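Beneath this line is the structure, given in C-alpha cells, with notes to follow.
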Amino acid sequence: MAVAILPDGSRKEIPDGSTIKALADGIGKRLGQAAVAGEIDGTVVDLTTRLTGEKQVKILTDRDPQALLVLRHSAAHVMAEAIQRIWPGALLAYGPALDNGFYYDIALDQPISSSDFARIEKEMASIIAEDRPFVRYELPFAEGLKRLEAEGNRYKVDNAQRAQQAGSACLSWYVTGEKGRNWEDLCMGPHIPSTGRIKGFKVMSVAQSHWHGDVTSDRFQRVYGTAFFDKKQLDEYLHLLEEARKRDHRVLGPQLGLFAIDDAVGQGLVLWKPKGAVVRQELQNFISEHLRRQGYHQVFTPHIGRLGLYKTSGHFPYYRESQFPPLVDREFISQKAAEGCSCAQLSNLMEAGEIDGYLLKPMNCPHHIRIYASEPHSYRDLPIRLAEFGTVYRWEKSGELGGMTRVRGFTQDDAHLFCMEEQVPAEVLGCLELVKIVLGTLGMNNYRVRVGLRDPDSAKYVGDPAQWDRAEAACLAAAQSLGVAFTKEPGEAAFYGPKIDFVVKDVIGREWQLGTVQVDYQLPQRFDLSYIGADNKSHRPVMIHRAPFGSMERVIGVLIEHFNGSFPLWLSPVQAIVLPISQKTSAFAQQVMEQLRAAGVRVEMDDSADKIGAKIRSASLQKIPYQLVVGEKEAAVNKVAVRHRNADQGQLDVEELLARLQQEIATKGVAEAVV
RNA sequence: GCUGCCAUAGCUCAGUGGUAGAGCGCGUCCUUGGUAAGGACGAGGUCGAGGGUUCAACCCCCUCUGGCAGCUCCA
C-alpha cells in the first residue's frame, strides 16, 4: 500500500501504484472531477503520476495558482500545435507558462503578425473542442536524442541535453491525444488531463526573442498568449488590462496636461507642462522639508562637467555606451584639424576619451564630491550630507525608452553623504527611514526591499573584503530594523559597494524600482577624499548615495498610474474649480475664486457658456478634487455647494471650506477614493 | 540596438492608385440652464520626413524619424 498524507494532515492508504487521479476520485467524486494536477512532496505532477511509499500529496484544482501554470503550459502546447498546422515548417524551441499567460518561442522565417492571431485561435479552439488527453511517454536519453537529431530541431536537442545535464532520469514527450496519431512535443510536463479544460484563451502578442536570451544567437518569434480555467476569468483579465491601459501615464499625463514628450525636442526628453510642474514642485518641496529636518544641505551644480572629471570617477570611458557623446572643445577640434586629423581619427579619440571637452553629466556624484573636496574637513564636520535635485542625462538605447519611466534626461532627488566608516550604519538607517516616510506619505506601502550583496565568487567587486563585510552587515541591519520584508540578493551589489533598493507595487500590481541607497568606498578613493580624524591624521571618508524617489520623472509617472490621475489634494495641479450655474453668478464665483486663491489654494473657474452638468463633467474628467457650484441660492447666503471627488458635500461657507482645504493639504491626506 | 506592428485634424480613429472623412475637442452665435455631454454654424490636414515606381501615390517599394510590444540592457 502507498500512503498519501493530505494537506489537512490526514493519511490515506491506497494500493501501491495508484494514480493521483484515483486518489482524488477516492476522496470524493467532485474532487476527482475538479482535479487538474497533483503535488507530491511539493513537486507539481500529472494526475496520472503513480504513488508509491509515503508521500505528502496535494490535489490541485482550478483554484490553485500552480494549477493555472500547468493549464497555461498546456495551452502553450495547444498553441504550438495550432501554429504548426498553419506553418508546418515552424520549429519549436521553448514554451513556458508565465504569471499572466504563456509564450512559445518559434523559429519561422515568415513573420507571424497580429492579423494571424484569429487563425491561430481558431485552430486552438478546434484542438480544445476535441478534448484530447495529454499523454506522457518516456525514452532513455540515447534513444531520445537520436530521434531529436533525426528530426533536425537543434533547439529541442539542446533542451534535451540541458535536461540531461540538469540530472533528469530520461526524456519525456507529451502527446496531445493518441501516440503516433496526434501532435507531440518534448516536454518535462506536467500537463492538465485534457485540452478541454482550457475554457478561456487568447493569443495576445508576438515579439522577437533570442535563443538563450543571447542577442547574437538565433532569433525566434515569441508568441504570447493567456489561458484560464474559466472564460469569465479571461474576460476579467482582459478588462484589467484595459483598465491598466486607461490609467497608463502615457495616456493620462498628456490628457491631464501634465507633460509632453516632443519629437522635435528629442526622444526620452520630458517637457513638464505647468500642471505637471506643480506636482513635481510640491514633491520637491516635501522632500526638501525632510532634508532640512535630517540635516542635509542643498546644493546646485551644473549639467555638464569636464571629461576628465568622469575619467577620474570611472564613468568615462567605462560607461560611455550609456552616455551622450562628449561635447568637444572647439579649439581642440581646430587644432586637430590643423594637424590633419580625420573625422574617423577624431571619433576614435572621442571614444577613448582622449579629447578636451565636456560631458552631459550621467550622475551627480562627481560634482558633489568636488564640493566636498573644495575645503578641508574635520571629523567634527561629518557626516556632510549634500542634496540636489540634480538633472542627469543617459543615452538609453532607443528601444528602452518609454513615457516618463525610462527617459534620457531626468532629475534625481539625489544626495551624497560623506561620513566616517563607523557612521555608516546610522546614516544608512536614516536614508531608509526617509524613503519609508516619503513612500508612506504617498500611500505606497506595498513595496519590497532588495539588499544587493556582493557575490563572493565574483571578481568584479573592488575594495577590501573586511570593509565589504561591515558595509553589508550595516545594510542588512538597517533593512531589518525597517520592519518590512526584504530579500538578500547576492551578486546584485554595485561594483563599489552594497545597495538597498525599494521596489514599489502600484495599485494594479505592477512593480517599479524607485528609491535606492548605496554604500560606496570606491569614489572617495578615486578622488582621494579625506578628512582629519581625532588622531590628527588623514582618513578616507565613506560615501552613501541615496535617492528616495530615484527620479522625479519616474516617480511621477508611477504616481499618475497609482492615483489614476486623481492626486491627493496637496499634489493636485488644480485643487478646486468654481462652477457658476449661469453668468448671473459669475461675479460671485469670481469673488470665491479670488478669496481661495489669496489663501494659497490652486483654484480656477469655469466661466464657459456650458450648462452646469457639462461643467461638472469636464472638471471631473480633469480629476479636479473640489468642484464648487455657485448659483443664486449660494450667492444669496454667501456659500458654495461643494462636490468632493464627485460626492455632494452640501453647502459650506467659503471660510469653512478654506479651513477644510488647508487641513487636507497640510496633512497630505492620500486620496481616499481613487476615482 | 534587434524583431514585429504602427504613423491620416489638437485627441481617438474610418478610408481610397484619380490630391480626404467621423466623433470628441476648439471658435462664433443662440440659449442663462441646478449636479457627468443644450443647440446651430464654422475653422482646422504638405495624410510623419525624404527618395523611388506610375500619366497619376495618403494608398505600392526603399531609407529615415518617431510610437507601441517584446528581447537585450539599466552606473
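Which residues, taken from the range A:308-329, are part of a loop (DSSP other than H, G, I, E, B) and either polar (S, T, N, Q) or under 20 Å from A:ARG526 (Cα atoms) (or both)?
Once the filter is applied, which keeps residues that are part of a loop (DSSP other than H, G, I, E, B) and either polar (S, T, N, Q) or under 20 Å from A:ARG526 (Cα atoms) (or both), the range A:308-329 yields A:GLY314, A:HIS315, A:PHE316, A:PRO317, A:TYR318, A:TYR319, A:GLN323.
Residue under question is A:SER618, and the condition is that it be of a type in the set (Ser, Thr, Tyr), near RNA strand B (Cβ under 8 Å from one of its atoms) and either part of a helix (DSSP H, G or I) or surrounded by 20 or more Cβ atoms within 10 Å (Cβ to Cβ) (or both); does it hold?
Numbers: of a type in the set (Ser, Thr, Tyr): yes; near RNA strand B (Cβ under 8 Å from one of its atoms): yes; either part of a helix (DSSP H, G or I) or surrounded by 20 or more Cβ atoms within 10 Å (Cβ to Cβ) (or both): yes.
Criteria met by A:SER618.
Among A:GLU81, A:GLU54, which is touching a residue at least 40 places away in the same chain (Cβ under 8 Å) and either of a type in the set (Phe, Trp, Tyr) or surrounded by fewer than 16 Cβ atoms within 10 Å (Cβ to Cβ) (or both)? Steps first, please.
On the way: A:GLU81 fails: either of a type in the set (Phe, Trp, Tyr) or surrounded by fewer than 16 Cβ atoms within 10 Å (Cβ to Cβ) (or both).
None of the others qualify; the one that does is A:GLU54.
Taking only pairs six or more apart or across chains, which ones have beta-carbon atoms under 7 Å, a first residue in the range A:651-675 that is closer than 28 Å to A:GLU561 by Cβ and at pLDDT below 75, and a second residue that is part of a helix (DSSP H, G or I) and not polar (S, T, N, Q)?
none
Provide a single number: the residues in the range A:174-200 that are touching a residue at least 12 places away in the same chain (Cβ under 8 Å) and surrounded by 17 or more Cβ atoms within 10 Å (Cβ to Cβ).
Qualifying residue count, the range A:174-200: 18.
Counting only residues that are free of Cβ contacts under 8 Å to residues at least 12 places away in the same chain and under 20 Å from A:GLY650 (Cα atoms), which one in the range A:580-615 is surrounded by the most Cβ atoms within 10 Å (Cβ to Cβ)?
Among residues in the range A:580-615 that are free of Cβ contacts under 8 Å to residues at least 12 places away in the same chain and under 20 Å from A:GLY650 (Cα atoms), the one surrounded by the most Cβ atoms within 10 Å (Cβ to Cβ) is A:GLN591.
Could you list all residues from the range A:150-168 that are in contact with a helix residue (DSSP H, G or I) (Cβ under 9 Å, 6 or more places away or on another chain) and free of Cβ contacts under 8 Å to residues at least 60 places away in the same chain?
Of everything in the range A:150-168, those that are in contact with a helix residue (DSSP H, G or I) (Cβ under 9 Å, 6 or more places away or on another chain) and free of Cβ contacts under 8 Å to residues at least 60 places away in the same chain turn out to be A:GLU151, A:ARG154, A:VAL157, A:ASP158, A:ALA160, A:GLN161, A:ALA163, A:GLN164, A:SER168.
Looking at (1) charged (D, E, K, R); (2) within 14 Å of RNA strand B (Cβ to nearest atom); (3) surrounded by fewer than 17 Cβ atoms within 10 Å (Cβ to Cβ), find the lone condition where A:ARG250 falls short.
Going through the list (1) charged (D, E, K, R); (2) within 14 Å of RNA strand B (Cβ to nearest atom); (3) surrounded by fewer than 17 Cβ atoms within 10 Å (Cβ to Cβ), A:ARG250 breaks only (3).
Could you check, for the range A:549-561, whether at least one of its residues is farther than 30 Å from A:GLN627 by Cα, crowded, with 24+ Cβ neighbours inside 10 Å and of a type in the set (D, E, K, R)?
no
All but one of (1) more than 9 Å from RNA strand B (Cβ to nearest atom); (2) within 30 Å of A:ASP414 (Cβ to Cβ); (3) of a type in the set (D, E, K, R); (4) touching a residue at least 24 places away in the same chain (Cβ under 8 Å) hold for A:LYS273; state the number of the condition that does not hold.
Status for A:LYS273: all satisfied but (4).
Where in the range A:111-222 are there helices (runs of 4 or more DSSP H), lying fully within it, with 1 or more residues that are among the β-branched types (Val, Ile, Thr)? Reasoning before the result, please.
On the way: elements: A:117-129, A:141-151, A:154-165.
Here the list reads A:117-129, A:154-165.
For the range A:598-615, which positions are in a helix (DSSP H, G or I) and more than 6 Å from RNA strand B (Cβ to nearest atom)?
Result: A:ALA598, A:LYS615.
Between A:TYR103, A:TYR94, which is within 12 Å of RNA strand B (Cβ to nearest atom), over 16 Å from A:VAL203 (Cβ atoms) and either hydroxyl-bearing (Ser, Thr, Tyr) or buried (at least 20 other Cβ atoms within 10 Å of the Cβ) (or both)?
Going through A:TYR103, A:TYR94 in turn, the sole match is A:TYR94.
What number of residues within the range A:9-38 satisfy the criterion of being in a strand (DSSP E or B) and farther than 26 Å from A:LYS232 by Cα?
Matching residues across the range A:9-38 total 5.
Among all residue pairs at least 6 apart or on different chains, which show Cβ distances below 8 Å where the first residue, located in the range A:459-486, is without any contact (Cβ under 8 Å) to a residue 40 or more places away in the chain and the second is of a type in the set (A, V, I, L, M, F, W, C) and exposed (fewer than 15 other Cβ atoms within 10 Å of the Cβ)?
A:LYS460/A:PHE495; A:TYR461/A:PHE495
Looking at the range A:330-376, which of its residues are more than 16 Å from RNA strand B (Cβ to nearest atom), touching a residue at least 12 places away in the same chain (Cβ under 8 Å), under 40 Å from the mean Cα position of the chain (by Cα) and not in a helix (DSSP H, G or I)?
Hits for the range A:330-376 are A:ILE355, A:ASP356, A:GLY357.
Is there a residue being among the basic types (Lys, Arg), over 25 Å from A:GLN255 (Cβ atoms) and near RNA strand B (Cβ under 7 Å from one of its atoms) anywhere in the range A:635-645?
No, because not a single residue in the range A:635-645 is among the basic types (Lys, Arg), over 25 Å from A:GLN255 (Cβ atoms) and near RNA strand B (Cβ under 7 Å from one of its atoms).
Looking at (1) of a type outside the set (A, V, I, L, M, F, W, C); (2) under 31 Å from the mean Cα position of the chain (by Cα); (3) more than 9 Å from RNA strand B (Cβ to nearest atom); (4) part of a helix (DSSP H, G or I), can you tell me which one A:PRO302 breaks?
With respect to (1) of a type outside the set (A, V, I, L, M, F, W, C); (2) under 31 Å from the mean Cα position of the chain (by Cα); (3) more than 9 Å from RNA strand B (Cβ to nearest atom); (4) part of a helix (DSSP H, G or I), A:PRO302 is out only on (4).
If you go through the range A:394-406 one residue at a time, how many are near RNA strand B (Cβ under 9 Å from one of its atoms) and either surrounded by 20 or more Cβ atoms within 10 Å (Cβ to Cβ) or not in a strand (DSSP E or B) (or both)? Let's see the steps before the verdict.
First, pick out the residues of the range A:394-406 that are near RNA strand B (Cβ under 9 Å from one of its atoms): A:394-403, A:406.
The next check asks that each one be either surrounded by 20 or more Cβ atoms within 10 Å (Cβ to Cβ) or not in a strand (DSSP E or B) (or both); those that pass are A:394-401, A:403.
The number of residues fulfilling the criteria is 9.
Give the range A:51-101 a look and list any residue that's among the hydroxyl-bearing types (Ser, Thr, Tyr) and under 26 Å from the mean Cα position of the chain (by Cα), or say none. If you could, list the steps in order and put the result at the bottom.
So the first thing to find is which residues in the range A:51-101 are among the hydroxyl-bearing types (Ser, Thr, Tyr), and the list is A:52, A:61, A:74, A:94.
Listed by number, the list holds a single entry, A:TYR94.
State which residue pairs qualify: first residue acidic (Asp, Glu) and inside the range A:201-229, second residue more than 10 Å from RNA strand B (Cβ to nearest atom) in any location, beta carbons under 9 Å apart, and separation of 6 or more residues or different chains.
As it stands, the answer is A:ASP218/A:ALA93; A:ASP218/A:ALA107; A:ASP218/A:ARG154; A:ASP218/A:TYR155, since those pairs meet every condition given.
Quick check on my filter: what residues within the range A:307-324 are more than 25 Å from the chain's Cα centre (by Cα) and touching a residue at least 60 places away in the same chain (Cβ under 8 Å)?
A:LEU309, A:THR312, A:SER313, A:GLY314
Scanning the range A:488-523 for residues that are buried (at least 17 other Cβ atoms within 10 Å of the Cβ) and part of a loop (DSSP other than H, G, I, E, B), which turns out nearest to the chain's Cα centre (by Cα)?
Once the filter is applied, the top-ranked residue is A:ASP506.
Quick test for you: out of A:ASP535, A:ASP528, pick the one residue that is on the phi > 0 side of the Ramachandran plot, surrounded by fewer than 19 Cβ atoms within 10 Å (Cβ to Cβ) and away from RNA strand B (no atom under 15 Å from the Cβ).
Just one listed residue meets the conditions, A:ASP528.
Consider A:VAL206 carefully, then state whether it is surrounded by 13 or more Cβ atoms within 10 Å (Cβ to Cβ), modelled with pLDDT under 85 and among the β-branched types (Val, Ile, Thr). Give the steps one after another, and end with the answer.
Numbers: surrounded by 13 or more Cβ atoms within 10 Å (Cβ to Cβ): yes; modelled with pLDDT under 85: yes; among the β-branched types (Val, Ile, Thr): yes.
The answer is yes for A:VAL206.
The values are calculated or read from the model by the stated rules, or taken from the named source; none is laboratory data. Keep in mind that what you see is a predicted model, and the values were worked out from it rather than measured. Positions of Cβ are generated from backbone atoms using ideal geometry, with glycine treated the same way; all protein chains shown enter the neighbour counts.
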